[in-house]
Amino acid sequence: MGAGSAAKCGIEAGADGVEIHGANAYLIQQFFTPSANTRTDEYGGSIENRARFALEVATAIAEEIGADRTAIRFSPGTTLWGIDEGEEGPDLYRYLIAELDKLHLSYVHIMHQGNEQLLSDIRQLWTGRLILNRPGRSREDIGKDVASGLADMEAYGQMILANRTSWPVLRQMPR
């Protein structure tokens, strides 16, 4: 089953849309990184080739369920599980975001890893909705990215979970 078919099944099952997970060292991000992608075919080597898989997945899903129901998430600069996007990483994201902008997806969701220039460039290249997650962001800074126009929405996870403070206790409890 291809990505488009899988997305269609999700919609038929009642989902409102699909956020493609191109972040956190999962498969799509592995194509971006020379440390994981050592292919010598049309999916390896150049920036355009390493971005090809993500673009094909996004295109297939958007064609199947509609661009307005299709989104994608990235974590530029992440180093989870040995992923290293290398010196070309920021340029790859600039290329990728510019190409994705042509698809008019519902939104791009960025888990920010600290490269402020790249984040600013993404905002310039992406004309649609941008959701920004800054892990470790202080509560005092909530809303600053929206107020400045850098993001259309800010995403928060761990900071606002009701049971976040209980996790260490739960992990320490005997079975």
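For the range 32-42, give me the residue count where each residue is out of contact with any Lys or Arg (no Cβ under 9 Å at 6 or more places or on another chain) and either open to solvent by less than 10 Å² (accessible area, probe 1.4 Å) or not charged (D, E, K, R) (or both).
Kept after step one, since they are out of contact with any Lys or Arg (no Cβ under 9 Å at 6 or more places or on another chain), are these residues of the range 32-42: 35-36, 38, 40-41.
Narrowing further to those that are either open to solvent by less than 10 Å² (accessible area, probe 1.4 Å) or not charged (D, E, K, R) (or both): 35-36, 38, 40.
Looking only at that region, the number is 4.
Residue by residue through the range 86-122, note down the ones that are under 14 Å from the mean Cα position of the chain (by Cα) and part of a loop (DSSP other than H, G, I, E, B).
L105, S106, H112, Q113
Which ones in the range 43-66 are open to solvent by 30 Å² or more (accessible area, probe 1.4 Å), farther than 19 Å from R94 by Cα and without any contact (Cβ under 8 Å) to a residue 60 or more places away in the chain?
Hits for the range 43-66 are A60, E63.
Taking the range 6-44 on its own, how many of its residues are in contact with a helix residue (DSSP H, G or I) (Cβ under 7 Å, 6 or more places away or on another chain) and assigned to a helix (DSSP H, G or I)?
Of the residues in the range 6-44, 6 are in contact with a helix residue (DSSP H, G or I) (Cβ under 7 Å, 6 or more places away or on another chain) and assigned to a helix (DSSP H, G or I).
Between a residue in the range 1-27 that is within 27 Å of W81 (Cβ to Cβ) and any residue that is surrounded by fewer than 13 Cβ atoms within 10 Å (Cβ to Cβ) and modelled with pLDDT under 90, which pairs come within a Cβ distance under 7 Å, given they are 6 or more apart or on different chains?
If the second residue must be surrounded by fewer than 13 Cβ atoms within 10 Å (Cβ to Cβ) and modelled with pLDDT under 90, the pairs left are N24/L80; A25/L80; A25/W81.
Restricting to the range 67-85, and then to whatever is under 19 Å from S35 (Cα atoms) and assigned to a helix (DSSP H, G or I), can you tell me which residue is most open to solvent (accessible area, probe 1.4 Å)? Before the answer, list the steps.
Pass one, the range 67-85, residues under 19 Å from S35 (Cα atoms): 74-85.
Those left that are additionally assigned to a helix (DSSP H, G or I): 80-82.
On the way: L80: 72, W81: 180, G82: 59 Å².
Restricting to residues being under 19 Å from S35 (Cα atoms) and assigned to a helix (DSSP H, G or I), the top hit is W81.
Could you check, for the range 45-59, whether at least one of its residues is within 29 Å of S120 (Cβ to Cβ), at pLDDT below 90 and in contact with a helix residue (DSSP H, G or I) (Cβ under 7 Å, 6 or more places away or on another chain)? I'd like the intermediate steps shown before the answer.
Let us first name the residues in the range 45-59 that are within 29 Å of S120 (Cβ to Cβ), namely 45-59.
Narrowing further to those that are at pLDDT below 90: none.
No, there is no match, as no residue in the range 45-59 is within 29 Å of S120 (Cβ to Cβ), at pLDDT below 90 and in contact with a helix residue (DSSP H, G or I) (Cβ under 7 Å, 6 or more places away or on another chain).
Restricting the search to the range 86-109, which residues are open to solvent by less than 10 Å² (accessible area, probe 1.4 Å) and either closer than 14 Å to A36 by Cα or basic (K, R) (or both)?
G89, the sole residue that qualifies.
Going through the range 1-25 one residue at a time, which ones are more than 10 Å from the chain's Cα centre (by Cα) and closer than 14 Å to V57 by Cα? Full working, then the answer.
Step one: list which residues in the range 1-25 are more than 10 Å from the chain's Cα centre (by Cα), which gives 1-18, 25.
Selection gives M1, G2, A3, G4, S5, A6, A7, K8, V18.
When you go through (1) closer than 19 Å to A25 by Cβ; (2) surrounded by fewer than 15 Cβ atoms within 10 Å (Cβ to Cβ); (3) aliphatic (A, V, I, L, M); (4) more than 15 Å from the chain's Cα centre (by Cα) one by one for A147, which number turns out not to apply?
(1)
The values are calculated or read from the model by the stated rules, or taken from the named source; none is laboratory data. In this text, all values refer to a predicted model and were calculated from it rather than measured experimentally. All Cβ positions, glycine included, derive from the backbone under ideal geometry; neighbour counts span all protein chains shown. Ligands, DNA and RNA are excluded from the accessible area calculation, which covers all protein heavy atoms including side chains. Shrake-Rupley method; radii C 1.70, N 1.55, O 1.52, S 1.80 Å.
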